[in-house]
Amino acid sequence: MTLATSPGTAAFLAAAGLVAGVVGTAGGITSLISYPALLAVGVPPLAADVANLVALVACWPGSALVSRRELAGAGRWLARGLPVAGAGAAGGAVLLLTTPPGVFDRLVPVLLAAGSLALLVQPVLSARLAAHRGHTSSAALPLVGLVSVYSGYFGAGAGVLLLATLLVLVEPRLPEANAVKNMLNGVGTVAAAVVLVVAGPVEWSAVLPLAVGMLAGSTLGPLLVRRLPARLVRWAVAVLGLALAVRLALG
């Protein structure tokens, strides 16, 4: 058996996927855990990026199942946001396959830091924009599209950027904004995965155990957000985002 199909490696990837699924669907950064896990078992960087993006599809059904309460009033906005997220992520996947590596390297740390800081000041920003919520929610769509392009290209920290966008411009309540974020990420990962699977090749022996873990973990993340204090979740996600921004900036 190859390294990626040994029982020990499969168990390691499933465990990493479980933790990544919990962290990602609770508002954090899934790829902060899952992508390094793929590298750790010997999957090359580009193949690991592709495998990670394909495995992320598994987070969508679990998070949707347990977030029905939070999504109850978001149908109209999602009807506009989901196609934008899907198109953006598909475009990002095409960029991944056709552009030299490192195109986003210099921009991503800045975006992540900005998104993380926006999370910390979100209550103040949301209060100031409350009177214009209908207009700002429409203004969020271009930002969702841009973040989704990055999500389909690499994606580490895309959840933080989406969450910050939604909290400030669309929905100031964290559990509801996080549920919408998970749906946008979900349709984006499906769109990107379709492009990557068609283009091939995909390291399925790494994808499958990682996806199994992510599916299980994604049912727990939204429940944590529902129960934990919003301020605690906001600070935890912001700190993770800033840490990843520093790590990416330093190379």
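The values are calculated or read from the model by the stated rules, or taken from the named source; none is laboratory data. Since the model is a prediction, treat every value here as computed from it, not as a measurement. Every residue, glycine among them, receives a Cβ derived from its backbone with ideal geometry; neighbour counts consider all protein chains shown.
Key figures for this structure:
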item	result
Number of the exception - Arg76 against (1) in contact with a Leu (Cβ under 6 Å, 6 or more places away or on another chain); (2) free of Cβ contacts under 8 Å to residues at least 12 places away in the same chain	(1)
Any chance Ala216 is buried (at least 20 other Cβ atoms within 10 Å of the Cβ) and either over 23 Å from Leu161 (Cα atoms) or of a type in the set (Val, Ile, Thr) (or both)	no
Looking only at the range 224-242, and only at residues there that are surrounded by 15 or more Cβ atoms within 10 Å (Cβ to Cβ) and over 17 Å from the mean Cα position of the chain (by Cα), the one that is farthest from Val22 (Cα to Cα)	Ala230
Qualifying residue in the range 32-53 (condition: under 22 Å from Leu163 (Cβ atoms) and of a type in the set (Phe, Trp, Tyr))	yes
Matching option when the condition is touching a Cys at 6+ places or on another chain (Cβ under 7 Å) and either in a helix (DSSP H, G or I) or surrounded by fewer than 22 Cβ atoms within 10 Å (Cβ to Cβ) (or both), among Gly186, Gly145, Gly152	Gly186
Any hit, the range 54-63, residues being at pLDDT below 90 and either out of contact with any strand residue (DSSP E or B) (no Cβ under 7 Å at 6 or more places or on another chain) or not charged (D, E, K, R) (or both)	yes
Residue list for the range 56-77, filter: among the small types (Gly, Ala, Ser) and assigned to a helix (DSSP H, G or I)	Ala58, Gly62, Ser63, Ala64, Gly75
Any chance Val198 is part of a helix (DSSP H, G or I) and either of a type in the set (S, T, N, Q) or free of Cβ contacts under 8 Å to residues at least 24 places away in the same chain (or both)	yes
Count of the range 84-128 residues which are modelled with pLDDT of 85 or more, of a type outside the set (A, V, I, L, M, F, W, C) and more than 12 Å from Val149 (Cα to Cα)	1
